[in-house]
């Protein structure tokens, strides 16, 4: 029974940002009803799959949910959703607000049937700005928020982080906002609408590090955190591979130089002598460290860093991380048996609660797998459900 046991969430999201947020709520114990279109969440189609519509991105972003497949463009579908909302605590959507309004599913409609409902709108941009109606995707937001420029400042061609980092981060920020609204409702007794803009949230993520001298008026520099923008801030090449190490504070550097028998370096070279000197000369410091790292093997460096108590980790591949000794010991990756997809590798909830268990009990659903079950629980009789199926307003998994 997770810490959010008793919280009911209607999930109107698709792709990554919203589903990642609602999966987190489900992992923490909330009951999550994933409402999908007749075609299903498009992310079902991405990546290798054993069965159509059950790709790995979907499987890894939609566990801890039940699926109901409703055509919200029909009066029957819209009415059914609003009926479900009567007992919901939270409604989450990442459909653009104008589209929701055209469907007759704006916050006002949900508030009318349930004044306690929290309506979380994950939007691309703050709705009071000129970008309000623009579509937003992770690539665009990474570029617009300065992430791609960060690579350019570091002397590399502009690039996107090879992960939907904006989607994932904004998903986490949305969970924070939803939980804050749930806490507030304990005192007010009322729901409210929350808007979590993808652009502004990602700008806050990036510029928290890189506003730099632009913080001041007049500016003291052109912005940017020099250590993060150093071209040699990257995994170091060793004589037989790569290693990730961070020789950061004075203690780290002193122990590092002692371990390699080069205690003379900070004495003879001022740029290594103090924290401020290293920060002022970070490109040269990292370049020199890179040259030193070429002199030993990865395993030799890992052993040396561990003995010297200097932070270091192997540079894992997507395959080698599955064998990481720490993750193996904590059971982070685990084999599970999916009812339709067979044996799968799943990831644990990366949070531990001393009393509230967060064990995963529900794997990602087939499209419309729980539609009849969900509507029956909401008070629909068999005839009403059959009529919805006959009209095309409801699709269930058995129909393929």
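Can you sort 242, 107, 286 so the residue with the fewest Cβ neighbours within 10 Å comes first? Spell out each step's value before the answer.
On the way: 242 15, 107 22, 286 18.
Least to most surrounded, the residues fall as 242, 286, 107.
Over the range 279-400, calculate the relative contact order: mean separation of alpha carbon pairs under 8 Å at least 6 apart, over the residue count, as a percent. It would help to have the intermediate numbers written out before the result.
Numbers: 63 pairs, mean separation 14.6, N = 122.
Relative contact order of the range 279-400: 12 percent.
Write down the percent of antiparallel bridges among all DSSP beta bridges whose residues are both part of the chain, to the nearest 5.
Working: 13 of 34 bridges.
Expressed as a percentage, antiparallel bridges in the chain total about 40.
Once the piece of chain linking residue 99 and residue 148 is laid out straight, how much longer is it, given 0.36 nm per residue of separation minus the C-alpha distance between them? Could the numbers behind the result be given before it?
Numbers: separation 49, 0.36 × 49 = 17.64 nm, distance 3.01 nm.
Contour length minus Cα-Cα distance gives 14.6 nm.
Can you pull the Rg over Rh of the range 312-388, Cα-only, Kirkwood?
Expressed as Rg/Rh, it is 1.18.
Please express the shape of the range 236-314 as an equivalent ellipsoid: the semi-axes are the square roots of 5 times the eigenvalues of the C-alpha gyration tensor, given largest first in whole angstrom.
Details: eigenvalues 80, 34, 25 Å².
For the range 236-314, the ellipsoid semi-axes come out as 20, 13, 11 Å.
Mind grabbing the base-10 log of I(q)/I(0) for the range 1-70 at q = 0.11 Å⁻¹? Debye formula, identical points on the C-alpha positions, no solvent, two decimal places.
-0.24
Just the Cα atoms of the range 94-149: what Rg and Dmax do they give in Å?
14.1, 46
Please arrange 168, 157, 303 by counting, for each residue, the other beta carbons lying within 10 Å of its beta carbon, fewest first. Walk me through the numbers before you get to the answer.
On the way: 168 16, 157 7, 303 13.
The most exposed by this proxy come first: 157, 303, 168.
Could you give the angle, 0 to 90 degrees to the nearest 10, between helix 165-188's Cα long axis and the longest principal axis of the Cα atoms of the chain?
The two axes meet at around 60 degrees.
Quick one: compute the contact order of the chain, relative version, from alpha carbon pairs under 8 angstrom and 6+ residues apart, as a percent. Show your work: numbers first, answer last.
On the way: 672 pairs, mean separation 77.9, N = 400.
Dividing the mean separation by the residue count of the chain yields 19 percent.
How tilted is helix 17-27 with respect to the longest principal axis of the chain? Cα atoms for both, answer in degrees (0 to 90, nearest 10).
80 degrees
Give the distance, in whole Å, between the Cα centre of the range 1-30 and the Cα centre of the range 340-390.
11 Å
Given a cut-off of under 8 Å on Cα pairs at least six residues apart, what relative contact order in percent is computed for the range 236-314?
On the way: 88 pairs, mean separation 40.0, N = 79.
Across the range 236-314, relative contact order equals 51 percent.
Taking the Cα-to-Cβ direction at residue 234 and at residue 383 and moving 7 Å from each Cα, how far apart do the two end points lie in nm?
Calculated label separation equals 7.0 nm.
Using the Kirkwood radius built from alpha carbon pairs, what does the Stokes-Einstein equation give as D for the range 102-229 at 37 °C and 0.692 mPa s, in µm² per second? Write down the numbers at each step before the final one.
Working: Rh = 16.7 Å.
The diffusion coefficient I find is 197 µm²/s.
Which value, to two decimals, describes the C-alpha radius of gyration of the chain once divided by 2.2 N^0.38 Å? Show your work: numbers first, answer last.
Numbers: Rg = 25.4 Å, N = 400, 2.2 N^0.38 = 21.4 Å.
Normalised Cα radius of gyration, the chain: 1.18.
Can you tell me the 0 to 90 degree angle between the C-alpha axis of helix 75-85 and the longest principal axis of the chain, rounded to 10?
60 degrees
Tell me, how many Å apart are the Cα centres for the range 165-237 and for the range 93-140?
The range 165-237 and the range 93-140 have Cα centres separated by 20 Å.
I need the per residue convex hull volume for the range 165-283, using only the alpha carbons, in cubic angstrom as a whole number.
On the way: hull volume 23.7 nm³, N = 119.
Convex hull of Cα atoms, per residue: 199 Å³.
Going by how many other Cβ atoms sit within 10 Å of their own, how do 201, 13, 361 line up, fewest first?
Least crowded to most crowded, the residues run 361, 201, 13.
A short reminder: the numbers here are calculations on the coordinates, not readings from a lab. The structure displayed is predicted, hence computed values, not measured ones. Ideal geometry is used to build each Cβ from the backbone, glycine not excepted, and the neighbour counts take in all protein chains shown.
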